[in-house]
Amino acid sequence: MTLLRVAHLTKDFGGLRAVSDLSFDLAHGELLGLIGPNGAGKTTAFNLMAGFITPTLGQVELSGENIVGLKPHAVVRRGIARTFQVVKPFRKLAVLENVTLAAFLHEPNRAKAEVNAARILDTVNLSAKRDSLASDLTLGEQKRLEIARALATQPKILFLDEPMGGLNPTEIEHACELVKRIRDTGVTVILVEHHMKAIMRTADRVIVLHHGVKIADAAPQDIVRHPEVIKAYLGEKAG
C-alpha cells in the first residue's frame, strides 16, 4: 500500500534548481535510503516533503492527501516527523523532559505523555539517561535523543537526516540496528546517510540523487553496480 507519493517535486532557488522533477512512491513499512554526493539535493528534498520549504512545482501526498503548503507542525500532526543533521535538543532540560514535550502533540495528559516518553527512551536505549541533561549526552546519545523526540510524535513516516554522521564504527553499527528496529515497529523510514555500508545493510530500496535529479531507484545490491551512480560518486573516469 502506497503511504507517500511524491510527484514531479521541483525546487528552484533563484537560478539554481536544487531538486528537479523528483517522483517516487513509498510503501507502508518500507525502509528507503536516499543518497547522493554532497549538494545532490537530499536535505532539500527532505525539507520539501516535511513542509519546511515550499516546492516550485510538484505534489507530496500522504495517505492520499496533498500536504504541499502545510506548515511543518501540520505535517507532523498528519504523521511525518524528521530529524536534523545538527541535533537540536533542549539542552537545559532532562532527556525525559525533551521527549515528553514531543509526546504532548498527541497526549495532553502529562503523566501519560511521560509514560509514552519513557517507553520510547527504552526503544532507543536511553532509559539510563532519562534524568540527565541533554547537554551532558555524547554525540551518539544526542542523535538517539533526536530520534526519540521524533518518535514521540507518533509518526507514520520518519525522515532521518544523517543520523550516523560523526559516529564511530561501533556507534554506526548500533544505529543501523536501531533504524531497522524502528521499521520493525511499523514506522516507515526514509534514511539520508553518507555511510554507504550503513545504507546497504539497512535499506530495502535506494534512491540516488545527483544535482537534484533522480538517477537511480533500485535494490541496494543493484545500486552499487549502477553505471550512473558509480560515475556520480567517482567521476567521469569511473568504470
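The values are calculated or read from the model by the stated rules, or taken from the named source; none is laboratory data. Not measured: the values here are computed from a predicted model. So basically every Cβ, Gly included, is an ideal-geometry build from the backbone, and we count neighbours across all protein chains shown.
Quick one: which of Leu145, Leu191 is farther than 24 Å from Leu9 by Cβ and either in contact with a helix residue (DSSP H, G or I) (Cβ under 8 Å, 6 or more places away or on another chain) or outside the structural domain of Ala113 (by TED's automatic domain parsing) (or both)? The unique qualifying residue is Leu145. Within segment 144-159, residues that are in contact (Cβ under 8 Å) with a residue 24 or more places away in the chain reach partners that are charged (D, E, K, R) with beta carbons closer than 7 Å, at six or more positions or on different chains, in the pairs Ala150/Arg82; Phe159/Arg82. Filtering segment 180-193 to residues that are over 22 Å from Arg5 (Cα atoms) and in contact with an Asp or Glu (Cβ under 9 Å, 6 or more places away or on another chain) leaves nothing. Close Cβ contacts (under 6 Å, 6 or more residues apart or on different chains) running from residues in segment 193-216 that are at positive phi to residues that are among the basic types (Lys, Arg) comprise Gly212/Arg17. Of all residues in segment 73-121, those that are farther than 26 Å from Gly165 by Cα and polar (S, T, N, Q) total 2.
A quick yes/no check of all residues on (1) closer than 16 Å to Leu34 by Cα; (2) not in a helix (DSSP H, G or I):
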{"position": "Glu171", "(1), (2)": "no, no"}
{"position": "Ala175", "(1), (2)": "no, no"}
{"position": "Val189", "(1), (2)": "yes, yes"}
{"position": "Ala198", "(1), (2)": "yes, no"}
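Cβ-Cβ distances below 6 Å connect the following pairs, each with a first residue in segment 81-108 that is farther than 11 Å from Asp131 by Cα, a second residue that is part of a strand (DSSP E or B) and not β-branched (Val, Ile, Thr), and a separation of six or more residues or different chains: Ala81/Leu158; Arg82/Phe159; Thr83/Leu160; Thr83/Asp161; Phe84/Asp161; Gln85/Asp161.
Going by what's in this entry, would Ala74 be described as without any contact (Cβ under 8 Å) to a residue 24 or more places away in the chain, surrounded by fewer than 15 Cβ atoms within 10 Å (Cβ to Cβ) and closer than 24 Å to Asp184 by Cβ? It is false that Ala74 is without any contact (Cβ under 8 Å) to a residue 24 or more places away in the chain, surrounded by fewer than 15 Cβ atoms within 10 Å (Cβ to Cβ) and closer than 24 Å to Asp184 by Cβ.
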